[in-house]
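Peer 1: Below is the structure I would like to discuss, written out as structure tokens.
The values are calculated or read from the model by the stated rules, or taken from the named source; none is laboratory data. The shown structure was predicted, so the numbers you read here are calculated from the model rather than taken from an experiment. Reconstructed Cβ throughout: ideal geometry from the backbone, glycine too, with neighbour counts over all protein chains shown. Please note that ligands, DNA and RNA were not included when accessible areas were found on the heavy atoms of the full protein model with its side chains. Shrake-Rupley method; radii C 1.70, N 1.55, O 1.52, S 1.80 Å.
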Amino acid sequence: HTQSRVVPAYSCRFFTFSAASSALGTSIPNILLQKLVCGGIAGATTTFLTYPIDLIRLRWTVTARPRKGPTLKTNTYQGLTHTARCILREEGLVGFYRGVSFAALGIIPYTAANFCIYSMLRNKVEKTFSERTSTALVPVVGGTAGGLAFTTSFP
């Protein structure tokens, strides 16, 4: 179930960041500020588009109970599809976005910081090392950017 959440989120995040960067072009002269803005747009868009998947998975997981023994209750929801149908029937479309503002409060600054820090670190690495070495360091740069963004966004 992790793939059903992570793959769409990261696909959306990188696509939106790229699209926002292209759309803004050079309208923001400071490149780091541009990365922050585009990262924030990517975080907001991704949160809005993928939040229903997270909510459905969370509700289904939280209500899951073991089915052993005569005294234990069964699940409130019988699967992800059933969970989605129940939310739609009982709460309407708005139900899929209950709590999205709290998720956005964490994700938007994290995504903005992550893209900005990654850009800054990658630029520094590319100026410092050979092309071959700097390419090999991309995973380290990405991990470092993610760790620093997480630390600044979720203290």
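Peer 1: Cβ contacts < 9 Å: first residue among the polar types (S, T, N, Q), restricted to segment 82-99; second residue part of a helix (DSSP H, G or I), any location; separation 6+ or different chain. Result?
Peer 2: 83/55; 83/56; 83/57; 83/59; 83/60; 83/63
Peer 1: What number of residues within segment 72-113 are surrounded by fewer than 13 Cβ atoms within 10 Å (Cβ to Cβ) and within 16 Å of residue 46 (Cβ to Cβ)?
Peer 2: Number of matching residues: 4.
Peer 1: Could I ask something else about it? So how many residues does segment 20-57 have that are open to solvent by 50 Å² or more (accessible area, probe 1.4 Å) and small (Gly, Ala, Ser)?
Peer 2: Matching residues across segment 20-57 total 3.
Peer 1: Looking only at residues in segment 130-144 that are assigned to a helix (DSSP H, G or I) and among the aliphatic types (A, V, I, L, M), which one is surrounded by the most Cβ atoms within 10 Å (Cβ to Cβ)?
Peer 2: This residue is 141.
Peer 1: Within segment 1-50, track down each residue that is of a type in the set (S, T, N, Q) and not in a helix (DSSP H, G or I). First the steps, then the outcome.
Peer 2: So the first thing to find is which residues in segment 1-50 are of a type in the set (S, T, N, Q), and the list is 2-4, 11, 16, 18, 21-22, 26-27, 30, 34, 45-47, 50.
Residues satisfying the conditions are 26, 27, 30.
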